[in-house]
2 protein chains.
Amino acid sequence: MDAVDPHDPVPLYQQVARELRNMIISGELAPRDALPSELTIQQRYQVSRGTARRAIEMLRDEGLIYTVPQRASYVAER
Amino acid sequence: MDAVDPHDPVPLYQQVARELRNMIISGELAPRDALPSELTIQQRYQVSRGTARRAIEMLRDEGLIYTVPQRASYVAER
DNA sequence: GTGTATTTGTTCGTATGTATC
DNA sequence: CGATACATACGAACAAATACA
């Protein structure tokens with residue numbers, strides 16, 4: 001069972017967001033840790049860059065991460 | 001709170017420049033005193049040499065320091 | 001004077017996110 | 001979706017001048 005499945009009715013960006021969210025909640029990614037880059041996400045889940053960006057945007061809106069322009073996105077504290 | 005923080009949206013070279021600038025303004029570094037070497041800056045703030053050089057370049061552009069090739073940068077008089 | 005270490009100068013390559021078309 | 005350009009940042013390598021034992 002792939003983590004991200006194109007046949008799943010759930011939008012890809014939501015699936016990707018869920019994966020990343022799990023990595024944060026599980027502690028695999030600790031506060032202030034950098035998230036995988038957009039390119040890494042593309043390759044890992046076989047999605048387009050737009051999809052990767054949208055997933056990241058989702059987590060940012062949730063307050064789970066913050067993005068430092070020209071650098072990377074990081075897991076938020078707390 | 002680190003003096004130079006990768007999670008701060010402010011570009012690293014600007015953060016480093018700010019630190020050095022403060023050392024000059026506070027008088028910790030007097031006119032004609034040598035600035036920390038590029039290597040020292042790298043190690044002290046955990047940044048790359050390019051970033052250290054760019055910070056120095058900034059202060060030079062501001063007229064706060066001058067650089068003697070193959071020697072060091074010094075705090076400007078006045 | 002000689003050799004070594006240090007320091008700045010310079011260039012190249014890679015990676016990242018942002019913006020635009 | 002792809003392609004490009006840009007800004008930031010890191011790393012490596014080498015050159016050249018200087019400092020020092």
Mind listing whichever residues of segment B:38-69 are of a type outside the set (A, V, I, L, M, F, W, C) and over 21 Å from B:Pro6 (Cα atoms)? B:Arg60, B:Asp61, B:Glu62, B:Gly63, B:Tyr66, B:Thr67, B:Pro69
Return the pair list, or none, for Cβ contacts closer than 6 Å from residues in segment A:31-50 that are in contact (Cβ under 8 Å) with a residue 24 or more places away in the chain to residues that are among the charged types (D, E, K, R), at least 6 apart or on different chains. A:Pro31/A:Glu77
Can you tell me which residue is surrounded by the fewest Cβ atoms within 10 Å (Cβ to Cβ) among those in segment B:1-20 that are away from chain A (no Cβ under 14 Å) and within 16 Å of DNA strand C (Cβ to nearest atom)? B:Glu19
Quick one: count up the residues across segment A:51-68 that are among the hydroxyl-bearing types (Ser, Thr, Tyr) and touching a residue at least 24 places away in the same chain (Cβ under 8 Å). 1
When A:Arg21 is evaluated against the numbered criteria (1) out of contact with any Phe, Trp or Tyr (no Cβ under 7 Å at 6 or more places or on another chain); (2) within 16 Å of DNA strand D (Cβ to nearest atom), which criterion, by number, is the only one it fails? (2)
Go through segment B:49-78 and give me each residue that's of a type in the set (D, E, K, R), within 12 Å of DNA strand D (Cβ to nearest atom) and at pLDDT below 90. B:Arg71
Residue selected from segment B:25-69 under the condition within 14 Å of another protein chain (Cβ to nearest Cβ) and surrounded by 18 or more Cβ atoms within 10 Å (Cβ to Cβ), by the criterion farthest from DNA strand C (Cβ to nearest atom): B:Val47
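The values are calculated or read from the model by the stated rules, or taken from the named source; none is laboratory data. Note that the structure is predicted; figures quoted are calculated from it, not measured. So basically every Cβ, Gly included, is an ideal-geometry build from the backbone, and we count neighbours across all protein chains shown.
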